[in-house]
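Visitor: Here it is, the structure in full.
The values are calculated or read from the model by the stated rules, or taken from the named source; none is laboratory data. Since the model is a prediction, treat every value here as computed from it, not as a measurement. Note that we place each Cβ from the backbone using ideal geometry, even for glycine, and neighbour counts take in every protein chain shown.
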Amino acid sequence: MSSTFSLDPGADQLAVRDWLHGFAADVMRPAAAEWDEREETPWPVIQEAAKLGIYSLDFYAQQYFDPSGVGIPIAMEELFWGDAGIGLSIVGTTLAAVAVLANGTDEQIGTWTPQMFGTPDDLKVAAFCSSEPDAGSDVGALRTRAVYDEARDEWVLNGTKTWATNGGIAAVHVVVASVDPELGTRGHASFVVPPGTPGLSQGQKFKKHGIRASHTAEVVLDGVRVPGSCLLGGKEKLDERLARAREGVKRSGGKGNAAMATFEASRPAVGAQAIGIARAAYEVALDYAKTREQFGRPIIDNQGVAFQLADMKTRIDAARLLVWRASWMAVNNQPFTAAEGSMSKLYAGETAKFVTAQAMQILGGNGFTREYPVERMHRDSAIYSIFEGTSEIQRLVIARAISGMPIR
Ligand SMILES: Cc1cc2nc3c(=O)[nH]c(=O)nc-3n(C[C@H](O)[C@H](O)[C@H](O)COP(=O)(O)OP(=O)(O)OC[C@H]3O[C@@H](n4cnc5c(N)ncnc54)[C@H](O)[C@@H]3O)c2cc1C
């Protein structure tokens, strides 16, 4: 057996981790309860992150291309250890940026990604809008239409998006729309809606159970006209893709679409966010269990409590191994033959819910109050079995991958 197995990300990456940990501990943690209560985007905290270079495309690109393959999960875990709501406000823009990076031309990437982040003195955020009221897990059901106006070389977008992180407050919105409803998901395309485009407006802003510092809202598209150059990938590529889909749609039943490609690429990163929350709650619970005394001894002296902590730590480490594996595979272009990306997000999301619930139990009455952070962490963790594909959808993806069967 080889003795080279290693999960050491290297000195450079560990230095980045420690630097982010400092920001998470000194800037995010102290601000967490306030922005959770305010339920508003924490612009001053994002600004601090921007000044330090943490809120920038360069930073995430550097982490993604780090030779360790685990730069992104390490960064996500530290930031979300600091606070998940603020963390999502800082990294929410990257979902739209990834959509442009994955589907856009070099020119589109160069034009739009800087406008998504702005500058520390003129901060911007971006939104990725796929979900609709009747199209959540079932992306194929989306109704937003994009119609090409050839005379003006413009696309006209109509529809209503929902649950969009940064929706309506974003400078740049990336919108997934159907250009050919008969093709299902293969008839989808992604469009950039530039800042200030008439016809795009924010609908309802949602009051949420958790990650309340992150803005989530409906986005209404009413006759939104964007230049032909805003179609990600360009018209020629779209026409070729549609022609292939029209030929092949009967054979394959329709496979692949822009939104799903974006989600698949980001799943290990989302799993790492969940691990950050879980680790934060576990640490609070471990400290508490060692210092809280009942019946004349620390509560951790009871095997029942100690075993809970043992399970929490074991699950966190197991989840991190899955996330790091999937991240390494993605960076090294390894095919996800057993849906390893989905596995990592499924297990990490469920772990965050399990660990934060256990942490509340270990803190007893204190755990149930807003005097202690585990209550917020538990609320924040709940989204991790819902967004970026629910736990059930991850299981569906894994089951199909391992069986080769069209499991429904
Ligand atoms: C805070 C927040 C932020 C979000 N941010 C974004 C964003 O930035 N951009 C964006 O586009 N979307 C975003 N979303 C949307 C998110 O991705 C969807 O909520 C998610 O995909 C689930 O869709 P749904 O809510 O319509 O649930 P539904 O699809 O209606 O599912 C309801 C339940 O049915 C189950 N279910 C559905 N189909 C099946 C099946 N085939 N087999 C088994 N079970 C099934 C689900 O697992 C779930 O438990 C966000 C959502 C939230 C809450």
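Visitor: Hey, does segment 397-404 have a residue that's over 19 Å from Ala164 (Cα atoms) and not in a helix (DSSP H, G or I)?
Guide: Keep residues of segment 397-404 that are over 19 Å from Ala164 (Cα atoms), which gives 397-404.
Pick out the ones that are also not in a helix (DSSP H, G or I) and you get 404.
Yes, segment 397-404 contains at least one residue that is over 19 Å from Ala164 (Cα atoms) and not in a helix (DSSP H, G or I).
Visitor: Inspect segment 209-226 for any residue being surrounded by 24 or more Cβ atoms within 10 Å (Cβ to Cβ) and either more than 22 Å from Thr93 (Cβ to Cβ) or of a type in the set (Gly, Ala, Ser) (or both) and give the result as yes or no.
Guide: Taking every residue of segment 209-226 in turn, at least one turns out to be surrounded by 24 or more Cβ atoms within 10 Å (Cβ to Cβ) and either more than 22 Å from Thr93 (Cβ to Cβ) or of a type in the set (Gly, Ala, Ser) (or both).
Visitor: When you scan segment 339-382, how many residues do you find that are outside any helix (DSSP H, G or I) and over 24 Å from Phe307 (Cβ atoms)?
Guide: The number of residues fulfilling the criteria is 4.
Visitor: Next question. Which of the residues that make up segment 399-408 are near the ligand (Cβ under 10 Å from one of its atoms) and β-branched (Val, Ile, Thr)?
Guide: The answer is Ile407, and nothing else.
Visitor: Something else about it: Just one of the numbered conditions (1) crowded, with 17+ Cβ neighbours inside 10 Å; (2) in contact with a Ser or Thr (Cβ under 9 Å, 6 or more places away or on another chain) is not true of Ile402; which one?
Guide: Going through the list (1) crowded, with 17+ Cβ neighbours inside 10 Å; (2) in contact with a Ser or Thr (Cβ under 9 Å, 6 or more places away or on another chain), Ile402 breaks only (1).
Visitor: crowded, with 24+ Cβ neighbours inside 10 Å, among the charged types (D, E, K, R) and at pLDDT 95 or above: does that describe Glu132? Full working, then the answer.
Guide: Details: crowded, with 24+ Cβ neighbours inside 10 Å: no; among the charged types (D, E, K, R): yes; at pLDDT 95 or above: yes.
Taking the combined requirement at face value, the residue does not satisfy it.
Visitor: What about Lys207, is it among the basic types (Lys, Arg), assigned to a loop (DSSP other than H, G, I, E, B) and within 15 Å of the ligand (Cβ to nearest atom)?
Guide: Criteria met by Lys207.
Visitor: Let me ask you something else. Please find, among Tyr64, Tyr55, Tyr60, the residue that is crowded, with 19+ Cβ neighbours inside 10 Å, under 19 Å from Gly276 (Cβ atoms) and free of Cβ contacts under 8 Å to residues at least 40 places away in the same chain. Outline the logic, then answer.
Guide: Numbers: Tyr64 fails: free of Cβ contacts under 8 Å to residues at least 40 places away in the same chain; Tyr55 fails: free of Cβ contacts under 8 Å to residues at least 40 places away in the same chain.
Going through Tyr64, Tyr55, Tyr60 in turn, just one is crowded, with 19+ Cβ neighbours inside 10 Å, under 19 Å from Gly276 (Cβ atoms) and free of Cβ contacts under 8 Å to residues at least 40 places away in the same chain: Tyr60.
Visitor: Please pick out the residue among Asp106, Asp138 that is free of Cβ contacts under 8 Å to residues at least 12 places away in the same chain and within 12 Å of the ligand (Cβ to nearest atom). Before you say what the answer is, go through the steps one by one.
Guide: Details: Asp106 fails: within 12 Å of the ligand (Cβ to nearest atom).
Of Asp106, Asp138, the one residue that is free of Cβ contacts under 8 Å to residues at least 12 places away in the same chain and within 12 Å of the ligand (Cβ to nearest atom) is Asp138.
Visitor: Looking at Ala75, Ala84, which is the one that is under 15 Å from the mean Cα position of the chain (by Cα), under 26 Å from Asp26 (Cβ atoms), modelled with pLDDT of 95 or more and within 16 Å of the ligand (Cβ to nearest atom)?
Guide: Ala84
Visitor: Has segment 247-255 got at least one residue that is more than 30 Å from Trp35 (Cβ to Cβ) and modelled with pLDDT of 80 or more?
Guide: Applying the first criterion (more than 30 Å from Trp35 (Cβ to Cβ)) to segment 247-255 yields 247-255.
From what is left, the residues that are modelled with pLDDT of 80 or more are 247-248.
Looking for residues that are more than 30 Å from Trp35 (Cβ to Cβ) and modelled with pLDDT of 80 or more, one finds at least one in segment 247-255, hence yes.
Visitor: Another one. Go through segment 147-168 residue by residue and tally those that are assigned to a strand (DSSP E or B) and either surrounded by fewer than 24 Cβ atoms within 10 Å (Cβ to Cβ) or within 16 Å of the ligand (Cβ to nearest atom) (or both). Before you say what the answer is, go through the steps one by one.
Guide: At the first step, the residues of segment 147-168 found to be assigned to a strand (DSSP E or B) are 147-149, 154-165.
Add one more test, that the residue is either surrounded by fewer than 24 Cβ atoms within 10 Å (Cβ to Cβ) or within 16 Å of the ligand (Cβ to nearest atom) (or both), and what stays is 147-149, 154, 156-165.
Residues that pass the stated criteria total 14.
Rundown of residues vs (1) more than 16 Å from the ligand (Cβ to nearest atom); (2) without any contact (Cβ under 8 Å) to a residue 12 or more places away in the chain, yes/no style:
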site: Thr351; (1), (2): yes, no
site: Met360; (1), (2): yes, no
site: Gly365; (1), (2): yes, yes
site: Met377; (1), (2): no, no
site: Ile383; (1), (2): no, no
site: Glu388; (1), (2): no, no
site: Gln394; (1), (2): no, no
site: Val397; (1), (2): no, no
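Condition check ((1) under 22 Å from the mean Cα position of the chain (by Cα); (2) surrounded by 13 or more Cβ atoms within 10 Å (Cβ to Cβ); (3) among the aromatic types (Phe, Trp, Tyr)) across all residues:
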position	(1), (2), (3)
Gln308	no, yes, no
Arg315	yes, yes, no
Ala319	yes, yes, no
Trp324	yes, yes, yes
Gly341	yes, yes, no
Tyr347	yes, yes, yes
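Visitor: Within segment 172-188, identify whether any single residue is within 23 Å of the chain's Cα centre (by Cα), within 14 Å of the ligand (Cβ to nearest atom) and free of Cβ contacts under 8 Å to residues at least 60 places away in the same chain, and answer yes or no.
Guide: Yes.
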